[in-house]
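Taking it in order: structure first as structure tokens, then the write-up.
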Amino acid sequence: MEDNILDQSAPMRVLVTGGTGLVGRAIQHVVREERGIREGEEWIFLSSTDANLMDAGETREVFQKHQPTHVIHLAAMVGGLFKNMRANLGFWRNNIYINDNVLQAAHEVDAVRVVSCLSTCIFPDKTTYPNDETMIHNGPPHKSNFGYSYAKRMLDVYNRAYHDQERGRFYTAVIPTNVFGPHDNFNIKDGHVLPGLIHKAYIARKEGSPLVVWGSGTPRRQFIYSLDLARLFLWVLTEYKEVEPIILSEGKEEEVSIKEAAEAVVEVMRFKGQVTYDTTKADGQFKKTASNAKLRQYCPNFTFTPFKQGRLSSASSKNTGATAPF
Ligand code: NAP
Ligand code: GFB
């Protein structure tokens, strides 16, 4: 099965919502630079300027215009721990609007495929580890991001409901761990831990100030490099036939502590200054260890980019300013 990772045989008109973000840009790269766009195929990568997907009319209009056969649904209000803690209501409402509009618009244009994007942070806070795909709805998520988590969980409910229709849609979802890579959101206030630490190390190196890591550094995370996620997304698009979601992640043994992640950023940014931990800042979820056993059943030989190499390219995109200005 893994031989089909980048091989989509049937001609497709693929609409990628959220096509200009971290994950969307990775899919653009893999489609254009690795897989290539095949004869009779079309790939459309949407940004919020093409349509505000929180608006049902604009969403329907952009879907009617492009008449996609396949949809990769990435568009969402996204952020790290601290943005989630500040805006649970916004994460809930905005993502519910976007998801309801996109799934219904896809259904109305008869799209044969929609692959949406959940996250390993939506699993129950009280759980046994590792989390697997059957456990999503087994209890309330962590309080820091319950708005985002519940909105994401509803995508699984949408997929089941559209499958329940007389026309039995095969809409599904992937569940990545924390994603990092080029074109990440390096905003220190709103972004995720790796781009935040890369940006802070960049400033600390320039100003000769300490690098301040937030929290205790003890929480644990699994990371997936955006280009690996993109390659797996393309496999899911045409080869994964279940409505049930699938976790896309390295093995649980690849989990690292925030402290180890910070040390890796220090190394790749060649930061020589002092590193301090601000324990007045929240730690968020201690861990959200996910199992990739189901992925390994389908793709036993898929090779993930080593964390160090992926980190390098993420950091270098920061150094060369190849990402959004901040
Ligand atoms: P991102 O870099 O913040 O990009 C978000 C994308 O969604 C952008 O293209 C943005 O368009 C678009 N968007 C946001 N609001 C919109 C709206 N109202 N109407 C239309 N488009 C809108 O996010 P990302 O990290 O690539 O995340 C992509 C998907 O992966 C999301 O569903 C996210 O929940 C999921 N995910 C991310 C992570 C992670 O660590 N980053 C982990 C697990 C899952 P503009 O560029 O025009 O703003
Ligand atoms: O990526 P992150 O912000 O979100 O990681 P989560 C937060 C962890 O990194 C906490 C520590 O333990 C923070 O204390 N940390 C240390 C930092 N320094 C920094 C820093 O400079 N910036 C940030 N952001 N954190 C999110 C969910 O959880 O995971 C979202 O809230 C989403 O909904 C995302 O699903 C993938 O991994 O904690």
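Pairs from the list LYS152/LYS241; LYS206/LYS287; LYS65/LYS200; LYS152/LYS206; LYS83/LYS241; LYS189/LYS259 with a Cα-Cα gap above 31 Å: LYS206/LYS287; LYS65/LYS200; LYS152/LYS206; LYS83/LYS241. Largest GNM mean-square fluctuation among ILE44, ILE175, ILE98, using the chain with Cα springs under 10 Å: ILE44.
Annotation: per residue accessible area for the chain equals 43 Å², rounded to a whole number [probe 1.4 Å, protein chains only]. Karplus-based coupling profile of the range 223-230, in residue order and whole Hz: 10, 10, 6, 4, 6, 5, 4, 4, with θ = phi - 60° in 6.51 cos²θ - 1.76 cosθ + 1.60 and x standing for Gly or Pro. The helix-only estimate of mean residue ellipticity at 222 nm for the chain, built from DSSP H runs of length n ≥ 4 each weighted as -39500 (n - 2.57), is -12000 deg cm²/dmol after division by the residue total. Ignoring aspartates and glutamates fewer than eight residues from LYS272 along the same chain, the ones with Cα atoms less than 13 angstrom from its Cα are GLU207, GLU263.
Using 1/(1 + (r/R0)^6) with R0 = 22 angstrom and r between the beta carbons of ASP110 and SER48, what's the FRET efficiency to the nearest 0.05?
The formula returns an efficiency of 0.30 here.
Distant-in-sequence amide contacts of LEU248, defined by a placed amide H-H separation under 5 Å and a gap of 5 or more residues or a different chain, comprise ILE175, THR177. With contacts taken as Cα pairs under 8 Å at a separation of at least 6 residues, the chain carries a relative contact order of 21 percent. With 0.36 nm allotted per residue and the present C-alpha distance subtracted, the GLU207-GLU253 stretch has 12.9 nm of extension available. Using only Cα atoms, tell me the angle between helix 88-108 and the longest principal axis of the chain; keep it within 0 to 90° and round to the nearest 10. So the helix axis and the longest Cα principal axis differ by about 30 degrees. For PHE82, neighbours were defined as the other residues whose beta-carbon sits under 11 Å from its Cβ, and their charges (Lys and Arg +1, Asp and Glu -1) total +3.
The packing ranking of peptides 123-134, 201-212, highest mean first, is 123-134, 201-212, where packing means the average number of other beta carbon atoms within 10 angstrom of each residue. When the chain is described by a simple charge dipole with +1 on each Lys and Arg Cβ and -1 on each Asp and Glu Cβ, the residue from PRO300, MET12, ALA106 located farthest towards its positive end is PRO300. Measuring r between the beta carbons of GLN297 and ARG153 and using R0 = 30 Å, the FRET efficiency lands at 0.80. Calculated on the alpha-carbon coordinates, the convex hull of the chain measures out at 126 cubic angstrom per residue. Counting only DSSP beta bridges whose two residues both lie in the chain, roughly 5 percent are antiparallel. Round to the nearest 10 and give me the degree value, 0 to 90, for the angle of helix 56-66's Cα axis relative to the longest principal axis of the chain. Long axis of 56-66 versus the principal axis of the chain: about 70 degrees.
Per atom type, the chain shows carbon and sulfur on 52% of its accessible surface, probed at 1.4 Å. Summing charges over all other residues whose Cβ lies under 13 Å from the Cβ of GLU242, with Lys and Arg as +1 and Asp and Glu as -1, gives +1.
Shown in residue order for the range 120-127 are the 3J(HN,Hα) couplings computed by the Karplus curve 6.51 cos²θ - 1.76 cosθ + 1.60 at θ = phi - 60°: 6, 7, 8, 5, x, 5, 8, 8 Hz (x for Gly and Pro). Against the chain, whose longest principal axis comes from its Cα atoms, helix 258-268 is set at around 80 degrees.
The values are calculated or read from the model by the stated rules, or taken from the named source; none is laboratory data. Given the structure is predicted, the values throughout are model-derived calculations rather than measurements. Positions of Cβ are generated from backbone atoms using ideal geometry, with glycine treated the same way; all protein chains shown enter the neighbour counts. Heavy atoms of the whole protein, side chains included, go into the accessibility calculation; ligands, DNA and RNA do not. Shrake-Rupley method; radii C 1.70, N 1.55, O 1.52, S 1.80 Å.
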